[in-house]
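What follows is a set of notes on a single structure, which appears directly below.
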Amino acid sequence: MAPTPTPGSTAWTISLSAELLLMRAEIELGSHTLAVGRLSGLVGKHPLDERLREMLMLALYRSGRQAAVLATSRGPGTDPPR
């Protein structure tokens, strides 16, 4: 088994880019529910990555889960100032 790439390394960046391409393909091919599961995990690991959050919102929307889209759009750093 190959070692897990460390965040910020070239291998880590390539790995995340490959995941993004796979998720985009699943969404475009209609596998929205499968993509939601995988993207939810990735957003949990990388909560500040806007590309992942955007794809998760698209997959949720196409799965008919519009309320979940709104909840997802309120990620870290999106709370209104007090």
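Measuring only protein heavy atoms, the 1.4 Å probe finds Thr10 accessible over about 100 Å². Of the trypsin sites (Lys or Arg not before Pro) found in region 6-67, none is in coil by DSSP with at most 10 other Cβ atoms within 10 Å of its Cβ.
The values are calculated or read from the model by the stated rules, or taken from the named source; none is laboratory data. Note that the structure is predicted; figures quoted are calculated from it, not measured. Neighbour counts run over all protein chains shown; Cβ positions are idealised from the backbone, glycine included. Each accessible area value is taken on the protein alone, full model and side chains, heavy atoms only, with ligands, DNA and RNA left out. Shrake-Rupley method; radii C 1.70, N 1.55, O 1.52, S 1.80 Å.
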